[in-house]
Amino acid sequence: MNRNVMIIMNPKAGKGNGKSALFTICDRFSKAQDHVHVYITQSKGHVITLSKELGPSHDILLCIGGDGTWNEVINGVLPLSTQPHLAYLPSGTVNDFASTLKISKSPEKLMDTIERWNPFACDIGLFNTRYFTYVAAFGIFTDVSYSTPQQSKNMFGKVAYYLEGMKQLANIPRYHIKLHVNGETIEDDYMFGCITNSKYVAGFTTVSTKHAQLDDGLFEILMIRTPNNPLDAQVIIAALLKREVNHDWMYFTTASSLDIESIEDIPWTLDGEDGGSTTLAHIENKNKAVTILV
């Protein structure tokens, strides 16, 4: 085939399982007579630079890492006029995006997928000037994924997220927000907001599972009002556990774009990574912006 293949691996993702998968992947590409170039991430943002500078000269860009590494790949290739086909071996702790697309953690199955060559044109989100693959969120619990120490993630897996999240229950946020979406404006106090294109967020099945499609040009938008007392909080938790929308406490819709306006800076997370703070977020769905082998 003689394709040019670029492999980017984050050796610190998850428990480092990507290292053992690397040989299998390189071996399979070599047997197909492809030209393989391997790059090991050295620092935050390194993946963006590699993807942007070297992506156009490769036919396939394969990412080995977690949701954060995959996010950097997307931010690197989206601005390119000539994009490589993307492939993904999830090796992080949670891997929400991979779960939605049912992407296997097996390197052998990944290579079988690449051989079948089934390109899927996937939607990508734009948050002001940054791209995200499956979720932009603010409020309670949203900083858990990037505030949880990597050592804890490696030791306890998803449980580490739950333990870190428990610390926030005593300090529920209250953000006064104007949501501009689908030609209307909704104004209220919210403790949580989630703009997603995934059936899973932080390993949990979202309330919007039946709506989630990664190529329909639409986001699923869930906003949860701040409870006034423990009884209100119990009602919200019960609805979330049932994956139901309680309209007294939740606002749910689908849209291709939206704006969220607030008086105070709101911290955001993008694909489980720190997305910075802002008083105005313009969020837009880039329909079928990248091609992934699935």
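The values are calculated or read from the model by the stated rules, or taken from the named source; none is laboratory data. Quick caveat: nothing in here was measured; it's all calculated off a predicted structure. Note that each Cβ is placed from the backbone with ideal geometry, even for glycine, and that neighbours are counted across all protein chains shown. Remember, those area values only see protein heavy atoms, side chains included, never the ligands or the DNA or RNA. Shrake-Rupley method; radii C 1.70, N 1.55, O 1.52, S 1.80 Å.
Can you name every residue in the range 196-210 that is surrounded by 18 or more Cβ atoms within 10 Å (Cβ to Cβ) and either at pLDDT below 85 or in a loop (DSSP other than H, G, I, E, B) (or both)?
The answer is N197, S198, K199, Y200, V201, A202, T206, V207, S208.
Could you list, in sequence order, the residues of the range 56-89 that are of a type in the set (D, E) and within 15 Å of the chain's Cα centre (by Cα)?
Once the filter is applied, which keeps residues that are of a type in the set (D, E) and within 15 Å of the chain's Cα centre (by Cα), the range 56-89 yields D67, E72.
Cβ contacts < 6 Å: first residue within 12 Å of H58 (Cβ to Cβ), restricted to the range 22-39; second residue surrounded by 16 or more Cβ atoms within 10 Å (Cβ to Cβ) and among the charged types (D, E, K, R), any location; separation 6+ or different chain. Result?
Taking only residues 6 or more apart or on different chains, the pairs are D34/R3.
Quick one: count up the residues across the range 244-294 that are over 16 Å from the mean Cα position of the chain (by Cα), part of a strand (DSSP E or B), among the acidic types (D, E) and over 22 Å from E184 (Cα atoms).
The qualifying residues number 1.
Restricting attention to the range 219-226, does a residue exist that is in a strand (DSSP E or B), under 22 Å from D67 (Cα atoms) and open to solvent by 50 Å² or more (accessible area, probe 1.4 Å)?
No: zero hits.
Spot the failing condition for N71; the list is (1) under 16 Å from I7 (Cβ atoms); (2) touching a residue at least 60 places away in the same chain (Cβ under 8 Å); (3) of a type outside the set (A, V, I, L, M), and only one is missed.
Single failed check for N71: (1).
How about the range 11-97: which strands (runs of 3 or more DSSP E) wholly inside it have at least 1 residues that are among the aliphatic types (A, V, I, L, M), at pLDDT 95 or above and open to solvent by 20 Å² or more (accessible area, probe 1.4 Å)?
Of the strands (runs of 3 or more DSSP E) lying wholly inside the range 11-97, those with at least 1 residues that are among the aliphatic types (A, V, I, L, M), at pLDDT 95 or above and open to solvent by 20 Å² or more (accessible area, probe 1.4 Å) span 35-40.
Test S262 against the criterion of being at pLDDT 95 or above, touching a strand residue (DSSP E or B) at 6+ places or on another chain (Cβ under 6 Å) and open to solvent by less than 30 Å² (accessible area, probe 1.4 Å), and give yes or no.
Spelling it out, S262 is indeed at pLDDT 95 or above, touching a strand residue (DSSP E or B) at 6+ places or on another chain (Cβ under 6 Å) and open to solvent by less than 30 Å² (accessible area, probe 1.4 Å).
Scan the range 1-10 residue by residue and report those that are surrounded by fewer than 18 Cβ atoms within 10 Å (Cβ to Cβ) and in a strand (DSSP E or B).
Once the filter is applied, which keeps residues that are surrounded by fewer than 18 Cβ atoms within 10 Å (Cβ to Cβ) and in a strand (DSSP E or B), the range 1-10 yields only N4.
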